[in-house]
Amino acid sequence: MKVRKKPIEVFSQWAESGRDQGMEKNHREAVDAMLAYALDKPAPFSFIDAGCGNGWVVRQVSENPACQSAIGVDGSQKMIAKAQTMDPQNSYVATDLLQWSPKETVSLVHSMEVFYYLQNPQEIITHIYKNWLAHGGRLIIGLDFYYENKVSHTWPEDCGISIMTLLPKSDWLAFFDQAGFQNTLSWQVGAKQDWAGTLIVTGTK
Ligand SMILES: C[S@@+](CC[C@H](N)C(=O)[O-])C[C@H]1O[C@@H](n2cnc3c(N)ncnc32)[C@H](O)[C@@H]1O
């Protein structure tokens, strides 16, 4: 069995080797579906991408004329350095998600392929509910690593990552409900053959 590294260590290596660009390509279909759902009205909004990687979603969202502010947060200094080099306009913060809160709460928090890298994902969902979101605000997350997506079960071994928390859809929905979210719902995007699709979970405060 190969030695497993912490998620931030692995993603810093990915930033150095250019593998972050592959995430942009592979995650785009699901992210576009999440943003289309969350930004279905032309109302002004403020945005945080939790676990933003190289910042590609922040750059994309900030081009929306209704976007008042866009912040990217990631635990990898190397990912954040890349994001800042490509985009000096928006704000990027290198920090653990559980250790940070915005100065002002926002209307939309988005996160793609991040929360299962935490030992206890309930903690980050509750933290965002309490400390990041304004009343009426929305959290929307996308996950490819979950119990019903059987082909993903080997990823911790394949990628050599020490923390990857494998949970069924029902647990993710329960985390949202237990944090206090309302109108919680989930669906899957891009399912085909043995791929169950990206699990999207969302709710409002
Ligand atoms: C699979 S990548 C996804 C990046 C980006 N969302 C995308 O779709 O391209 C996961 C990201 O989450 C970050 N991450 C993982 N655990 C974190 C934590 N506890 N705090 C902050 N960032 C974290 C990693 O550094 C990495 O950039």
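Any read-out appearing in this document is the output of simple, stated calculations on the displayed coordinates, not a laboratory observation. Everything quoted here is computed from the prediction, not taken from an experiment. Please note: Cβ atoms are built from the backbone with ideal geometry, for glycine as well, and neighbour counts cover all protein chains shown.
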Which residues' amide hydrogens lie under 5 Å from the amide hydrogen of L167, considering only partners 5 or more residues apart or on another chain, with H built in the peptide plane? Y147
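Rounded to the nearest 5, what % of the DSSP beta bridges within segment 77-205 are antiparallel ones?
Working: 13 of 19 bridges.
Of the beta bridges lying entirely in segment 77-205, close to 70 percent run antiparallel.
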With no solvent and one point per C-alpha, what does the Debye sum give as log10 I(q)/I(0) for segment 37-118 at q = 0.11, 0.16, 0.18, 0.27 Å⁻¹? -0.26, -0.55, -0.70, -1.42
For V106, the residues 5 or more places away or on another chain with a placed amide H closer than 5 Å to its own amide H are L133, A134
Using θ = phi - 60° and the Karplus curve 6.51 cos²θ - 1.76 cosθ + 1.60, what whole-Hz ³J(HN,Hα) does each residue of segment 137-152 get, with Gly and Pro shown as x? x, 10, 10, 9, 10, x, 9, 9, 9, 8, 4, 5, 8, 4, 5, 7
Extending each Cα 7 Å along its Cβ direction at Q182 and H153, get the distance between those two points in nm, one decimal. 3.9 nm
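Could you sort out which of K2/K130; K41/K103; K82/K169; K41/K150 sit more than 30 Å apart by Cα distance in this structure?
Details: K2/K130 38 Å; K41/K103 25 Å; K82/K169 33 Å; K41/K150 35 Å.
Checking Cα-Cα distances, K2/K130; K82/K169; K41/K150 exceed 30 Å.
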Using only the alpha carbons of segment 126-205, determine the length spanned along each of the three principal axes and report them from longest to shortest in whole angstroms. 40, 28, 16
The answer for the chain, counting only DSSP H helices whose Cα atoms cover 20 angstrom or more along the axis and whose Kyte-Doolittle average is 0.5 or greater, is none
Once you treat every alpha carbon in segment 131-175 as an equal point and sum by Debye, what is log10 I(q)/I(0) at q = 0.15, 0.26, 0.27 Å⁻¹? -0.51, -0.97, -1.01
Can you compute the radius of gyration and Dmax for the chain, using only the Cα atoms, both in Å? 15.9, 51
Most fluctuating of A30, A43, A174 in the GNM of the chain (C-alpha, under 10 Å) is A43
Between C52 and residues 5 or more places away or on another chain, the pairs with built amide H atoms under 5 Å apart involve V73, D74
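I'd like the projected area of segment 71-132, averaged over all directions, using the convex hull of its alpha carbons. Report it in nm² with one decimal.
Working: hull surface 17.9 nm².
About 4.5 nm², averaged over all directions.
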Summing Lys, Arg as +1 and Asp, Glu as -1, what charge do residues with Cβ under 13 Å from the Cβ of Y147 carry, Y147 excluded? -1
Expressed in angstrom and ordered largest first, the alpha-carbon extents of segment 1-89 along the principal axes are 50, 26, 17
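Would segment 87-171 count as rounded, prolate or oblate if I go by the C-alpha gyration tensor, calling it rounded below 1.5 in a/c and otherwise prolate when a/b exceeds b/c, oblate otherwise? It would help to have the intermediate numbers written out before the result.
Working: a/c = 2.21, a/b = 1.67, b/c = 1.32.
Note, shape of segment 87-171 comes out prolate.
Relative contact order, percent, of the chain when contacts are C-alpha pairs under 8 Å separated by at least 6 residues? All intermediate terms of the calculation are to be shown ahead of the outcome.
Values: 384 pairs, mean separation 42.3, N = 205.
Contact order relative to length: 21 percent.
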